[in-house]
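S.K.: Would you mind keeping the following structure in view while I ask a few things?
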Amino acid sequence: MDSLTDKDKKLVSALAADATLGFSQLGELVGLSTAAAHERVKKLKVAGIISATVALINHDQIGTSLLTFVQLKVDASDKGHQIAGLRKINEIEEIYSIAGEFSILLKVRTRDTKHMEQVFKDIYSIPGVTQSNTIIVFDNYLQRQTIPN
């Protein structure tokens, strides 16, 4: 797709807010028929603009309520190998390459601090991980997927 129309943006925003919306509901929201909404969403998926339709997990309900962000300093000559090792740790939800004093940012979910301590052992068992800085999240006040105007 060359550029997103206003209707495309509304469709993507609506699905980002609630991926369970049906095509008839989506069509109503943006002024399209059910078939036209379905076709647009299909095109947005093919174009890679919508990469997945997912469920948001209530981590309090499943016992993984401790959320931390971990910044890592690593030996830059072997960063690909370190990222491959980090991908194997199930508690790591997201891995980012960042600028600044640290070069990797992790989003980590665990049951509690004891569980997090085990994750740190796993992280530091990866050769080239030299230092970390941890941010513990107390609460989340905003979580959204948006498309800039």
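The values are calculated or read from the model by the stated rules, or taken from the named source; none is laboratory data. What you see is a predicted model, and the numbers here were worked out from it, not measured in a lab. Because the Cβ atoms are built from the backbone with ideal geometry, glycine has one as well, and the counts that use them run over all protein chains shown.
S.K.: Taking the residues in region 22-49 that are under 25 Å from the mean Cα position of the chain (by Cα) and assigned to a loop (DSSP other than H, G, I, E, B) as candidates, determine which candidate is surrounded by the most Cβ atoms within 10 Å (Cβ to Cβ).
M.R.: 49
S.K.: Just one of 98, 62 is without any contact (Cβ under 8 Å) to a residue 12 or more places away in the chain and surrounded by fewer than 14 Cβ atoms within 10 Å (Cβ to Cβ); which is it?
M.R.: 62 is the lone residue from the list that is without any contact (Cβ under 8 Å) to a residue 12 or more places away in the chain and surrounded by fewer than 14 Cβ atoms within 10 Å (Cβ to Cβ).
S.K.: Residues 19, 76, 52: which one is modelled with pLDDT under 95 and surrounded by 13 or more Cβ atoms within 10 Å (Cβ to Cβ)?
M.R.: Result of the check over 19, 76, 52: 19.
S.K.: Would you pick out the residues in region 109-140 that are surrounded by 15 or more Cβ atoms within 10 Å (Cβ to Cβ), assigned to a helix (DSSP H, G or I) and of a type outside the set (A, V, I, L, M, F, W, C)?
M.R.: Result: 115, 122.
S.K.: If I go through region 1-16 residue by residue, how many of them are loosely packed, with under 13 Cβ neighbours inside 10 Å and either of a type in the set (A, V, I, L, M, F, W, C) or modelled with pLDDT of 90 or more (or both)? Show your work before the answer.
M.R.: Start the filter on region 1-16 by keeping residues that are loosely packed, with under 13 Cβ neighbours inside 10 Å, which leaves 1-3, 5-6.
Then keep just the ones that are either of a type in the set (A, V, I, L, M, F, W, C) or modelled with pLDDT of 90 or more (or both); that gives 1, 5-6.
Final tally of qualifying residues: 3.
S.K.: Here's something else I'd like to know. Of the residues that sit in region 79-95 and are in a helix (DSSP H, G or I) and among the hydrophobic types (A, V, I, L, M, F, W, C), which one is surrounded by the fewest Cβ atoms within 10 Å (Cβ to Cβ)?
M.R.: Restricting to residues being in a helix (DSSP H, G or I) and among the hydrophobic types (A, V, I, L, M, F, W, C), the top hit is 84.
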